[in-house]
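Report on the structure given below.
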Amino acid sequence: MTNHCNKSIELLAFGRALRKTRKEKELTQDQLSLYSRVDRSYISELENGEKAPTLLTIAALARALHVKASLLIEGYERELEK
């Protein structure tokens, strides 16, 4: 695992929520990239807490995952509470 000292707790929480949802939908990062038109390397950076997603990125990922954007935010909030 990478050094978390330089990563914000919020970004790490969103990344865990995104990864969990993607895996629940049985999608690889490559598949999610194809369906969402978000670069696979950017998805990896999001899941690893290295980048902050924009609202439009969250919306594109949610559409590709067939979930509401609010579900990703709720997952993020749950991860923050851990």
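The values are calculated or read from the model by the stated rules, or taken from the named source; none is laboratory data. Keep in mind that what you see is a predicted model, and the values were worked out from it rather than measured. Cβ sites come from the backbone with ideal geometry, for glycine too, and all protein chains shown count toward neighbours. What goes into the accessible areas is simple: the full protein's heavy atoms, side chains included, and nothing from ligands, DNA or RNA. Shrake-Rupley method; radii C 1.70, N 1.55, O 1.52, S 1.80 Å.
Looking at the structure I just gave you, is residue 23 over 9 Å from the mean Cα position of the chain (by Cα) and either surrounded by 13 or more Cβ atoms within 10 Å (Cβ to Cβ) or on the phi > 0 side of the Ramachandran plot (or both)? No. Only a single criterion out of (1) open to solvent by 40 Å² or more (accessible area, probe 1.4 Å); (2) within 23 Å of residue 8 (Cα to Cα); (3) not aliphatic (A, V, I, L, M) is not satisfied by residue 35, namely (2).
When segment 9-53 is examined, which residues are found to be small (Gly, Ala, Ser), touching a Gly at 6+ places or on another chain (Cβ under 7 Å) and closer than 12 Å to residue 79 by Cα? Can you show your working first?
If we filter segment 9-53 for residues that are small (Gly, Ala, Ser), which is where we start, we get 13, 15, 17, 33, 36, 41, 44, 49, 52.
Those still in the list that are touching a Gly at 6+ places or on another chain (Cβ under 7 Å) too: 15, 17, 49.
Across segment 9-53, the qualifying residues are 15, 17.
Do you know which residues across segment 38-82 are open to solvent by 30 Å² or more (accessible area, probe 1.4 Å), of a type in the set (Asp, Glu) and under 10 Å from the mean Cα position of the chain (by Cα)? Across segment 38-82, the qualifying residue is only 45.
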